[in-house]
1. Take residue B:123 and tell me if it is crowded, with 24+ Cβ neighbours inside 10 Å, outside any helix (DSSP H, G or I) and modelled with pLDDT of 95 or more.
2. When the range A:226-246 is examined, which residues are found to be assigned to a loop (DSSP other than H, G, I, E, B) and either crowded, with 23+ Cβ neighbours inside 10 Å or at positive phi (or both)?
3. Among the residues of the range A:21-44, which ones are at the interface with chain B (Cβ under 10 Å from one of its Cβ atoms) and surrounded by fewer than 16 Cβ atoms within 10 Å (Cβ to Cβ)?
4. Hey, any hits in the range A:285-304 for a residue that's crowded, with 20+ Cβ neighbours inside 10 Å and within 22 Å of residue A:76 (Cβ to Cβ)?
5. Inspect all residues belonging to the range A:275-284 and state whether any of them is surrounded by fewer than 20 Cβ atoms within 10 Å (Cβ to Cβ) and within 15 Å of residue A:6 (Cβ to Cβ).
6. Please give the number of the condition residue B:151 fails out of (1) over 25 Å from residue B:321 (Cβ atoms); (2) facing chain A (nearest Cβ under 7 Å).
7. Could you run through the range A:330-340 and say how many residues are farther than 11 Å from residue B:7 by Cβ and facing chain B (nearest Cβ under 7 Å)?
8. I want to confirm something. Restricting to the range A:75-116 and keeping residues that are part of a loop (DSSP other than H, G, I, E, B) and within 24 Å of residue A:45 (Cβ to Cβ), which single residue is farthest from the other protein chains (Cβ to nearest Cβ)?
């Protein structure tokens with residue numbers, strides 16, 4: 001059976017075909033629609049992500065993020081987080097793969113590079129939440145942390161808000177300084193960029209995005225002080241127990257909305273708060289968006305830890321484009337062999353008959369294997 | 001970065017190259033060696049498998065089985081179990097994919113079809129356990145359930161024991177009758193095959209393998225009675241809570257060895273027994289094989305639920321062969337894009353500049369998206 005392989009270059013070609021803005025718009029709309037699903041949690045089964053955490057051969061995390069769309073299909077994202085990748089290896093911090101399975105028969109339908117998809121969906125999720133919680137006339141965006149995630153935060157928010165001023169900072173001054181150049185692709189000709197300190201960024205923002213690699217216990221990344229009362233914050237960086245970006249006093253007065261509660265309560269800003277202090281999650285927000293829009297005048301936080309539904313939505317969009325223009329490689333991954341005979345597909349043509357291989361005696365003589373009874 | 005794609009045909013080519021017996025011998029030896037690892041549980045981190053279970057669009061399971069080899073690499077098997085595949089869709093019950101990751105940077109190194117690998121490793125695991133627990137002169141093999149798994153049980157055990165008589169049964173008489181034909185590939189010219197009832201199979205066996213698709217609560221698959229006192233049983237079929245194959249009275253008098261305790265206690269034969277009644281697991285068995293060989297004269301059970309270490313070992317063998325003869329497809333899955341700019345790889349040549357796409361106003365006009373403030 002055929003498996004569609006979508007490499008980074010295929011994903012890039014898909015983006016080039018529709019255009020970056022059209023792709024972001026489609027992802028925002030599709031994520032909004034998925035969250036708006038009337039059946040919501042009955043439609044999707046999204047276990048918390050789990051993973052391996054290690055210090056050797058590098059500091060890193062490798063996680064799996066499964067999703068079942070009931071009666072339809074299954075999905076899993078496999079994602080590596082290696083914070084030293086950019087400066088040690090010239091690679092993105094986050095590398096990932098997106099896989100989709102046919103739940104009729106277990107067939108692996110798609111394997112796609114998830115690196116760009118992850119960046120885009122994180123921006124799109126902030127856009128979906130901000131559309132409900134931020135003032136519609138928000139024109140000043142603050143970015144604390146100016147790496148890869150900041151690019152898609154600006155991109156996604158610029159699709160929904162009349163952004164004119166962007167205040168930006170990063171612990172690495174060069175990263176902050178290069179930000180305006182790195183977003184030239186977006187052709188935001190009317191936007192002015194200002195590099196300044198974190199507290200100034202926070203104080204200026206109608207919408208503030210924190211997307212830092214702050215260490216566990218190293219937060220907050222700015223001080224609570226002169227923020228606008230109606231500021232909406234997309235907290236993107238928290239993704240590990242003990243790693244949070246926002247001041248507790250701010251969380252205490254804000255409406256704090258997790259993207260996905262089981263995960264945000266463990267590794268997002270929500271871990272700082274008792275359950276009764278938490279607001280609606282992203283699906284609840286979208287389904288009740290009229291009701292929650294009243295919060296646009298107060299301080300609100302979208303606690304974005306990143307969950308599998310977002311990645312699943314992007315993969316659907318990429319598959320649609322790939323099918324439209326014939327992108328990707330189709331590989332006959334699984335054989336349609338005799339279900340009762342695992343060796344059926346192996347026999348070669350009569351001219352090249354199956355070789356059964358060396359006799360076990362040779363293997364034993366080679367020291368690779370011992371017959372039973374020779375245990376010591 | 002390059003990802004190696006090994007399709008079913010590549011795996012078949014690898015097997016053809018070394019020969020089926022040599023491959024089985026190498027997998028048995030490699031699994032034994034992995035279990036014999038002095039550092040054992042410190043070397044490997046193997047979480048219990050988790051998964052989705054569903055009834056629609058088909059009865060099925062989709063599971064993920066991760067493994068971390070500390071300081072070396074990470075592995076995950078994704079496996080579908082769809083019991084109606086053979087008769088409804090002409091597909092194997094078990095389809096799977098094996099993925100390997102570089103823990104230096106999160107890079108996806110390999111994606112391989114796991115269908116044949118799963119069949120082979122299940123045989124190899126029984127061989128590793130039987131080598132320690134079964135009498136070395138075992139010459140009569142009993143097979144209850146004569147599907148795909150029975151083929152590799154016979155194959156693996158025939159590499160270590162002087163098998164001369166094979167007694168076989170299946171709830172589907174045609175599957176039992178076709179067994180001898182289906183194992184002709186193995187060229188076991190001295191072996192005689194007998195189709196008979198389950199209790200006769202059990203009574204005749206020096207080594208008995210149960211590999212059935214018995215329903216939850218449908219066991220045992222034979223009656224405790226005239227079994228040889230020194231019989232060794234490889235119980236392969238239990239893989240779900242409530243699904244067991246062996247009579248409780250037999251378990252009570254046997255040394256019962258789980259392949260991997262956390263999993264066997266939940267979904268193997270071990271779920272019927274209190275923890276204090278359980279014997280050593282596969283790694284303990286191998287490391288103490290001299291000590292445990294004393295059990296060859298009593299009834300022993302290897303409770304084989306199938307765990308990620310076995311699959312990881314087969315993938316290593318397949319990778320070795322693939323590298324040797326240049327098998328598989330190398331795909332540039334992940335881009336080496338600017339780590340601070342997710343959109344860096346997208347710009348086309350000057351002749352084909354990046355298209356930013358339709359304006360949001362068009363998207364809004366098309367009804368796909370609404371600017372904020374329009375919430376109702």
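1. Details: crowded, with 24+ Cβ neighbours inside 10 Å: yes; outside any helix (DSSP H, G or I): no; modelled with pLDDT of 95 or more: yes.
Criteria not met by residue B:123.
2. Of everything in the range A:226-246, those that are assigned to a loop (DSSP other than H, G, I, E, B) and either crowded, with 23+ Cβ neighbours inside 10 Å or at positive phi (or both) turn out to be A:231, A:236, A:237, A:238, A:242, A:244, A:245, A:246.
3. A:33
4. yes
5. no
6. (1)
7. Counting residues in the range A:330-340 that are farther than 11 Å from residue B:7 by Cβ and facing chain B (nearest Cβ under 7 Å) gives 4.
8. Applying the first criterion (part of a loop (DSSP other than H, G, I, E, B)) to the range A:75-116 yields A:82-84, A:90-93, A:103-107, A:114.
Applying the additional criterion that residues be within 24 Å of residue A:45 (Cβ to Cβ) yields A:103-107, A:114.
Details: A:103: 6, A:104: 5, A:105: 5, A:106: 2, A:107: 6, A:114: 9 Å.
Checked the range A:75-116; the qualifying residue farthest from the other protein chains (Cβ to nearest Cβ) is A:114.
The values are calculated or read from the model by the stated rules, or taken from the named source; none is laboratory data. Just so you know, these numbers come straight off a predicted model, no measurement behind them. Positions of Cβ are generated from backbone atoms using ideal geometry, with glycine treated the same way; all protein chains shown enter the neighbour counts.
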